[in-house]
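Read through the structure below, which is laid out as structure tokens, and then see the notes.
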Amino acid sequence: MSTVDKERTEAVFEDFKPAYSHGQALSEANRCLFCADAPCIKACPTGIDIPQFIRKISTENVKASAKTIFDANILGMSCARVCPVETLCVGDCVYNHMDEPPIQIGKLQRYATDIAYAEDWRFFRAGADTGKSVALVGAGPASLACAHELRRHGHACTIYDKRAVVGGLNTTGVAPYKMRAERSEAEAAWILGIGGIEIEYGVEIGANKSWDALLEAHDAMFVGVGLGPDHWLDVPGRDLEGVVGAVDFIERFKPGTVELAAVKSAVVVGGGNTAIDAVRELVGLGIPSVTMVYRGVEDKMSGYAHEWNAAKQEGVVASFRSQPLAFEGEGHVTGVRCAVLDDAKQPTGLQRVIAADLVLLAIGQAKLEGLLAELGGVTFERGRVVVDEAQATTRKGVWAGGDCANGGKEVVNAADEGKRAAQAIDAFLKGAG
Amino acid sequence: MVSLKTNCGGIESPNPFWLASAPPANSGEQVQRAFDLGWGGAVWKTLGTPIRNVSSRFGGLHYRNERAIGFNNIELITDRPLEVNFKEIYDTKKKYPKHAVVVSLMVETREEWKDIIKRSVDAGADGLELNFGCPHGMCERGMGSAVGQEPRVNEEITSWAVEYSSVPVLVKLTPNVGDILPHGLAAQKGGGHGVSLINTIKSIIGVDIDNFVPMPVVANKSTNGGYCGQAVRPIALHMVAQLARSPEFKIPISGIGGVATWRDAVEFILLGSSSVQVCTEVMLRGYRVIDDMVEGLEEYMRSHGFSTIDAMVGKAVPGYSEWGELDMNYESIAKIDSDKCIGCQLCMVACHDGAHQCIHPDASGTTRVPVIDESECVGCNLCQIVCPVPDCISMVEVDNGHAPASWNQHLAGEGTLRPKKGSH
């Protein structure tokens, strides 16, 4: 089932990092030194045996290569596209220490996993039925990884999601020049191909289902609900038309369409990775002037430097040391009035107004502490669900992973946490007899 | 002033780089173009009773990102009429009197040898090369390596050729023998003015694993071919040196086998070759590789104080000795330059799995630069060979206080060997 519109807005984007041809992949794979105790493996949250999968590409043993990847990370296809490899595996390639470009691990992983999908190779079978069942709340990467691993151990799984979209932010939130929604949907379908994973859409805890009902119906629970709505800036003009949450905006145009013909200039407020994604997307969608408004200085941005450098090359400009004081306009936003700060983020007394008929707020997302508190027995730290090393919450029988537990990290972290939680749940269910 | 002027067994050329008898020296048009670009000589593709060839004919051995580090062929001698070849040889010689045109020959009977030698000399050949080496197609007909593998036959045919020829005769030797020396000596005894080696090595370059047939595939079958290219150079260097170091062997050598660069040529010359022959590199990249070969050789000679090729020939031969003469008390150990090390730890895994288990991770865990246990390091070189960083691992001599002593001295009761190093 595809939930995406064929004519949707994101369809205009091409891959920022194009796929390798067969020859390119062979050539790059052959450059890999096959390090012992390789640093790239340690840099991968899911610990993929990268030198081995690359060696298998170099010998044209692609099926075994793909298996090596998926065995460690069932979301290896999307991670190949969306991982910030520059700060993970590729960033730790030993070639960075000599005059040699690092191995393009993400592109090689994409090469192997894309072939696996194209050929519809399946590597894993469900384990013998244990008679146990697990509820997974949220249909994002953490739950998919968890459910797949649970199926390998023979436990029945039901995933609940309040929306009718599978894949979570991988489907609705990933920058389209990294991966489009249909790839995420294809990934989910491929993972669900192991069989025995039910998905119930439209299930909203607190509205039409209770935590207790889920706990009663299942032997264990995994919570992978992600984060809540975009944070809002409580300044004058906050309700003007054209002031939109960044995640909300992206979630609208990825599977569907947005009308942007009238937008001449846009402002994105924030300095994190969602803000950088948003500015690059707006430029890609053809908006003539896109400005990032950030309170701090350039080198203090929390977004990845390699992403910001790409944004600058694409024509994004930034207004650093700028704190929005008000959204201006009547009915519809026309500009953002900012206080000019000094390097210590203190007001200088100066102000500037930046014209904007679209303002995206990318200053973080709410934590779902309120929703999760209703579970009872779960504890929180700065809004995140507290989990131990095996992703167990403080409530017996309940595990958590992904953004709700880590505060908002990468897909690869969700994949790792979901898988490890599944292994702990398996031990729990088998121990509980 | 450096002179590349070459004399190999009486055959002179402006430089030591000759095209080997092979497809690049198949026709006058090709050879003349090669001379224009700077080649010093050419050994014409072997003449004999013209044959027919198959399709396909060549195979490449590819490794990682390198194509054709080894090469094999199942092509035979010339497939063009003799009179056409002789006409082109004549024209070429007229146009390029100072270049060496050597004619490679392969026929069966004494009468045939007499006839073809006369025609070659009449056409203006500066020398002859007797093809006693071809390991495929021709040997089954009693020629090529079938001759080269029998020293008595080799000697006899060589003596015929020398008798009939008024120009120098080189005998091209096959490497498909256990020991090259008797074959070189047979050529010498037959009166040959020099030898050229190696011809190609009998080979199967690969197998089509989907269709269950070796390569190169001809319809649905294949056959063994002759192996050459860079991968065979170590074998060729050994065979050249094996002849050069023999006190009985006294005639000049034209070195062949994996010469791709000036550096390779220097190696052959230092081990006793007075000219070198090149085929595969030209087949892969064209005659224009000669530019770098000539300039590189000149620069090498200048920087090492050689003014003539003759002065270089065999310079490394005395350095080639029997194992029993090596100094057993010489000791070296590996040192890692921690500033250059990139932490790939290939040296560590190689040492652990393939050598003497003396390279270990840093105990503090703060660095990926491995640590060498010098008390265990036997100085084998493996770590240096696998290290991807230039000059990162060096083999350093250790002064262990032991006077030099060889195994032969030890057997003779002279000299004391140092204790065996390492517990592995």
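Largest GNM mean-square fluctuation across B:217, B:317, B:54, computed for chain B with C-alpha springs under 10 Å, falls on B:54.
Take each residue of peptide A:92-104, count the partner chain Cβ atoms within 10 Å of its Cβ, and average: the result is 3. Simple spin-label estimate for residue A:232 and residue A:52 gives 5.1 nm between the two label positions (7 Å along the Cα-to-Cβ direction from each Cα). Taking 0.36 nm per residue of sequence separation and removing the Cα-Cα distance, the residue B:385/residue B:163 pair yields an extension gain of 74.9 nm. Heavy atoms of chains B and A lose about 1100 Å² of accessible surface on contact, summed over both sides with a 1.4 Å probe. For the residue pair residue A:252 and residue A:423, what label-to-label distance in nm results when each label sits 7 Å from Cα along the Cα-to-beta-carbon direction? It is 4.3 nm.
By the gyration tensor of its Cα atoms, with a ≥ b ≥ c the square roots of the eigenvalues, what is the shape of region B:267-424: rounded for a/c under 1.5, prolate for a/b over b/c, or oblate? Judged from the Cα gyration tensor, region B:267-424 comes out oblate (a/c at least 1.5, b/c at or above a/b).
Keeping the other protein chains in place, figure out the carbon and sulfur percent of the accessible area of chain B, with a 1.4 Å probe. Don't skip to the end; give the middle numbers.
On the way: 10280 of 19400 Å².
Whole-percent figure for carbon plus sulfur exposure: 53.
Give the lysines reachable from residue A:178 as a straight Cα distance under 16 Å; neighbours fewer than 8 places away on the same chain don't count. The reachable lysines, counting only those whose Cα sits under 16 Å from residue A:178, are A:17, A:107, A:254.
I'd like the orientation of helix A:181-192 relative to chain A: the angle between its Cα long axis and the longest Cα principal axis, in ° from 0 to 90, rounded to 10. So the helix axis and the longest Cα principal axis differ by about 20 degrees. Other protein chain C-beta atoms within 10 Å of residue C-beta, averaged over B:338-349: 5. When shorter helices are ignored and each DSSP H run of at least 4 residues is given -39500 (n - 2.57), the per-residue value for chain B at 222 nm works out to -8500 deg cm²/dmol. The calculated Kirkwood hydrodynamic radius for chain B is 23.6 Å, given to one decimal from all distinct C-alpha pairs. Peptides A:375-384, B:325-334, ordered by how many other C-beta atoms sit within 10 Å of their residues on average, highest first, read B:325-334, A:375-384. Proximity of backbone amide H atoms, modeled 1.01 Å from N, is registered between residue A:399 and A:221, A:222, A:223, A:393 at under 5 Å, excluding neighbours fewer than 5 places apart on the same chain.
Projected onto their three principal axes, the Cα atoms of region B:323-411 cover extents of 48, 22, 22 Å, largest first.
Between residue B:29 and residue B:263, the FRET efficiency estimated from the beta carbon spacing at R0 = 22 angstrom works out to 0.15.
Between B:383, B:407, B:393, whose Cα lies farthest towards the positive end of the dipole of the protein assembly as shown when Lys and Arg beta carbons carry +1 and Asp and Glu beta carbons carry -1, centred on the Cα centre? It is B:407.
Around the Cα centre of the protein assembly as shown, unit charges on the Cβ atoms of Lys, Arg, Asp and Glu (plus for the first two, minus for the last two) sum to a dipole of about 1140 debye. Contact order, relative form, for chain A: 18 percent (alpha carbon pairs under 8 Å, 6 or more residues apart, mean separation divided by residue count).
For region A:311-352, the relative contact order comes to 29 percent (Cα pairs under 8 Å, sequence separation of at least 6). For residue A:261, put the label point 7 Å out on the Cα→Cβ axis and report which residues of region A:1-22 keep their amide N under 18 Å from it. Only A:7-12 pass the distance filter.
Residues of region B:221-264 with backbone nitrogen within less than 14 Å of a virtual label 7 Å along the Cα-to-Cβ line of residue B:315, please, listed as ranges. Residues B:263-264 qualify, since their backbone N sits under 14 Å from the label point. Placing a label point 7 Å from the Cα of residue B:295 along the Cα-to-Cβ direction, the residues of region B:227-265 whose backbone N falls under 13 Å from that point are B:262. Taking a straight line from the alpha carbon of residue B:95, these aspartates and glutamates sit under 15 Å away, with near neighbours fewer than eight places off in the same chain left out: B:29, B:36, B:126.
May I ask you to derive the FRET efficiency for residue A:61 and residue B:122 from their Cβ-Cβ distance with R0 = 51 Å, giving the value to the nearest 0.05?
FRET efficiency, residue A:61 to residue B:122: 0.30.
Computed from point charges on the beta carbon alone (+1 for Lys and Arg, -1 for Asp and Glu), the dipole magnitude for chain A about its Cα centre is near 540 Debye.
Cα-based radius of gyration for the protein assembly as shown, normalised by 2.2 N^0.38 Å, reads 1.30. Across chain B, C-alpha contacts under 8 Å between residues 6 or more apart give a mean separation that, scaled by the residue count, equals a relative contact order of 14 percent. Surface composition of chain A: carbon and sulfur make up 48 percent of the accessible area, probe 1.4 Å.
Probe of 1.4 angstrom, ligands and nucleic acids ignored: what's the accessible area per residue over the protein assembly as shown, in square angstrom? Walk me through the numbers on the way to the answer.
Numbers: 37310 Å² over 857 residues.
Spelled out: the 1.4 Å probe surface of the protein assembly as shown, per residue, equals 44 Å².
Between amide H atoms placed 1.01 Å from N, distances below 5 Å from residue A:243 occur with A:333, A:359, all of them 5 or more places distant or on a separate chain. Shape class for region A:243-361, computed from the alpha carbon gyration tensor (a ≥ b ≥ c): oblate, with a/c not under 1.5 and a/b at or below b/c.
If each residue of separation counts as 0.36 nm, what is the full-extension length gain between residue B:221 and residue B:323 once their alpha-carbon separation is subtracted?
So the extension gain works out to 32.4 nm.
Describe numerically, in nm with one decimal, the distance between label points set 7 Å from Cα along Cα→Cβ at residue A:373 and at residue B:417. Placing both labels 7 Å along Cα→Cβ, they lie 8.2 nm apart. Within a straight-line Cα-Cα reach of under 16 Å, residue A:345 can be paired with the following lysines, leaving aside sequence neighbours fewer than 8 residues apart in one chain: A:300.
Could you let me know the centre-to-centre spacing of region B:262-327 and region B:52-118, using Cα atoms, in angstrom? Region B:262-327 and region B:52-118 have Cα centres separated by 24 Å.
The values are calculated or read from the model by the stated rules, or taken from the named source; none is laboratory data. Note that this is a predicted model, so its numbers are computed, not measured. Cβ atoms come from the backbone with ideal geometry, glycine included; neighbour counts cover every protein chain shown. With ligands, DNA and RNA removed, areas are computed over all heavy atoms of the protein, side chains included. Shrake-Rupley method; radii C 1.70, N 1.55, O 1.52, S 1.80 Å.
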